[in-house]
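Reading through the structure tokens given below for one structure.
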Amino acid sequence: MKTDLNKRVMNRSLDKLAPEKKAPTSTYIILLVSYIIADIVVSVTANAKGSISLAGMSISIYAFAGVFSSVANICVILMTIFCGKKGYITSMIVLLVQLPIILMGVIGQHNLNSLPGVFGNILAVIAITAVFLYNQKVNRAHNEIRRQAVTDTLTGLPNMYATFRLIGDLLKSEIPFVNVTININGFKSLNETMGYNAGNTLLIEAAKRLRALCESGDTGTVDFITHLSSDEFALIIRDFKSEDEALNTIKMYDAALNEKFTIDDCDLYMTASFGYVCCPSEADSVDNACAYATAAMREVKRHNSSNHILHFTPDLLKESHTLEIEGKIRAALENDTIFFNLQPQFSISHELRGFEALARMKDADGSFISPGEFIPVAEKVGLVDKVDGAVFRKAAIFLGDLMKRTELDIMLSVNVSVRHLMKNDFIEEVRDVLRDSGIPPKNLEIEITESIMIESVDRALLCIHELENMGVKIAIDDFGTGYSSLSYLHRFPANLLKIDKSFIDDMNSSKSSKEYVAAIISIGHIMGFDVISEGVEEDDQLDTLREIGCDFIQGYIWGKPLMPDAAEELVMKCSEQKNA
Ligand code: C2E
Ligand code: MG
Ligand code: MG
């Protein structure tokens, strides 16, 4: 029973995906009514005597019979063109019913006036038959094209477009279904070792098996199988009572693919990875339904475990999101589209100290991807030194030029990840950038986050001492978040402590936070560091920081991160004020 149902589901779904466009019933009714009216006018006027006066001319009433007879013929031809078989059959019936009546007039009543009507009727029968036969031929070709648009040419299965449409329809009708992404394991190496023809044969064979199982109805569920691309298939399962039943269906497809394949006289055993998601409960859009099933399938592939089937869970998205961001970072580095903003830093008396360069990256749609999102990924996948390097060089060249033009003594602070700092050629890179930009070493500040400093203190220290010898300044970023001990701080040849925004946020709402900030400032001063507070947004935060002796301020209250041209404007204004 399910056999027929599954076959029908496949075919009906395909027909639905590429529906044939037919004229609405109203067109049929209008043409039929017009035909009947025209025919009545013909029979009334055919034997009428006399004439009517129209625009000063006398026209015989009989002449109208010819005009309306043509109108009637046009109606039946249009009906055949626009209303398909129904239009053709209706036209044929009315013409054939009419023919003996006209013939009776000619033969029985010797009324030769009706003779043109006989010929007209016969010609109309020939015309509508010719039109109908031609239409049939054109429709057959159109149907084939429509089918091809939703069918994959290699495997004959519905294609990716058909999959998306079907998932969209099911979601719209709120019918529960399971979307499964199937990927054949080791397909790439099969292609490489046995050639593309063998690869194609395997895909065709796999598609045949999947389709056969789908149409057999043996799974007990209503299934729809499609070919997405290369070695990827989709399975949509409906009509299951429980998730276990759907899982059982997936296992049957897995088993079907596990059986031996013989290609070019070689026996091959194939496995596939299955990822699935239950819709609409776990994914409520076409994109999500596909992405989530694919994320689960990729996870199976990554672990290469003996269990080939995995249900989607939201934590899988983190991994696929990382991959997505990694791709974007790689593209941005390749196209050199990583850019920088400059956030001003001020003394507590509101004099410009300098700028912190902050990395910026845009998505394909022009929206910003936050560094809080892409910097950790760049760190994880080993690209952060390239990102840091691009921002460092571009910001230094820009600010170096501005410093030359204005002769202002301002700082450029750059964020450097530990991976970058540990690179053998880091010191060489700093020297190159200083030379190319013309920034004096004392005007460059390298920011290292406190937590990273603690993790790698011994190795980092070697490099930091070298920077110190060159005259480059060191800032300890996000201070207060890394639990560094005073002994670490003491060993660190830093110049600036940057108090993390989280302490500044809490400063005025909690007495202990204010005391903590005051203590950091005191300790910093005792150790010979300057102290800057990050993320200052409000006047009372500023007042408190002034009161407890903070040296510098970086925050939206006096300056958000700026695009280079806005930073240039600010520098020019400071230079004019200085020279005034
Ligand atoms: P960070 O180095 O602590 O930079 C300060 C962050 O605080 C910046 O966020 C800045 O826009 C934000 N900020 C400053 N003042 C305010 C304020 O008043 N209110 C608020 N709400 N935010 C403020 P951004 O640009 O999103 O950078 C986030 C983090 O990304 C940076 O923290 C830094 O750790 C990292 N980062 C940025 N650029 C680079 C880079 O070129 N290389 C490396 N390794 N890390 C970078
Ligand atoms: Mg920073
Ligand atoms: Mg910070």
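The values are calculated or read from the model by the stated rules, or taken from the named source; none is laboratory data. Model, not experiment: these values are computed from the prediction. Cβ placement follows ideal geometry from the backbone for every residue including glycine, while neighbour counts extend to all protein chains displayed. Just so you know, the surface numbers come from the protein's heavy atoms only, side chains and all, with ligands and any DNA or RNA stripped out. Shrake-Rupley method; radii C 1.70, N 1.55, O 1.52, S 1.80 Å.
Condition check for I499 on (1) more than 16 Å from I474 (Cα to Cα); (2) touching a residue at least 24 places away in the same chain (Cβ under 8 Å); (3) within 16 Å of ligand 1 (Cβ to nearest atom): one failure, at (1).
Screening D265 against (1) out of contact with any helix residue (DSSP H, G or I) (no Cβ under 9 Å at 6 or more places or on another chain); (2) within 21 Å of F164 (Cβ to Cβ) leaves a single unmet condition, (2). Scan segment 44-83 for residues that are buried (at least 17 other Cβ atoms within 10 Å of the Cβ) and small (G, A, S) and the total you get is 4. Quick one: is L317 open to solvent by 40 Å² or more (accessible area, probe 1.4 Å) and part of a helix (DSSP H, G or I)? So L317 fits the description; yes. Within segment 502-528, restricting attention to residues that are hydroxyl-bearing (S, T, Y) and farther than 17 Å from F479 by Cα, the residue that is nearest to ligand 1 (Cβ to nearest atom) is S509.
If the condition is being open to solvent by less than 60 Å² (accessible area, probe 1.4 Å) and either away from ligand 1 (no atom under 16 Å from the Cβ) or polar (S, T, N, Q) (or both), then segment 529-564 contributes F529, S533, Q541, T544, I548, G549, D551, Q554. Take the conditions away from ligand 3 (no atom under 14 Å from the Cβ), surrounded by fewer than 21 Cβ atoms within 10 Å (Cβ to Cβ) and closer than 22 Å to R353 by Cβ and apply them to G471. Does it pass? In short, yes.
For segment 212-224, which residues satisfy the criterion of being surrounded by 17 or more Cβ atoms within 10 Å (Cβ to Cβ) and of a type outside the set (A, V, I, L, M)? If the condition is that a residue be surrounded by 17 or more Cβ atoms within 10 Å (Cβ to Cβ) and of a type outside the set (A, V, I, L, M), then C214, E215, G217, T219, T221, D223, F224 are the ones that fit. Of everything listed in (1) modelled with pLDDT of 95 or more; (2) more than 24 Å from the chain's Cα centre (by Cα); (3) open to solvent by less than 10 Å² (accessible area, probe 1.4 Å), the single unmet condition for F398 is (3). Residues that are open to solvent by less than 20 Å² (accessible area, probe 1.4 Å) and either assigned to a strand (DSSP E or B) or closer than 14 Å to T337 by Cα (or both) were ranked within segment 379-389; the one that is farthest from ligand 3 (Cβ to nearest atom) is G389. Assess whether R302 counts as being surrounded by fewer than 20 Cβ atoms within 10 Å (Cβ to Cβ), in contact (Cβ under 8 Å) with a residue 24 or more places away in the chain and not aliphatic (A, V, I, L, M). When the stated conditions are applied, R302 does not pass them. For segment 241-267, the set of residues classified as touching a Gly at 6+ places or on another chain (Cβ under 8 Å) and not polar (S, T, N, Q) consists of E245 only. For segment 355-378, the set of residues classified as within 15 Å of ligand 3 (Cβ to nearest atom) and surrounded by 12 or more Cβ atoms within 10 Å (Cβ to Cβ) consists of F355, E356, A357, L358, A359, P371, I375, P376, listed by residue number.
Residues that are small (G, A, S) and not in a loop (DSSP other than H, G, I, E, B) were ranked within segment 156-211; the one that is most open to solvent (accessible area, probe 1.4 Å) is S189. With respect to E428, is the statement that it is more than 39 Å from the chain's Cα centre (by Cα), without any contact (Cβ under 8 Å) to a residue 40 or more places away in the chain and open to solvent by 10 Å² or more (accessible area, probe 1.4 Å) true? The answer is yes for E428. Residue under question is A567, and the condition is that it be buried (at least 16 other Cβ atoms within 10 Å of the Cβ), closer than 19 Å to S347 by Cβ, of a type in the set (G, A, S) and more than 16 Å from ligand 3 (Cβ to nearest atom); does it hold? When the stated conditions are applied, A567 passes them.
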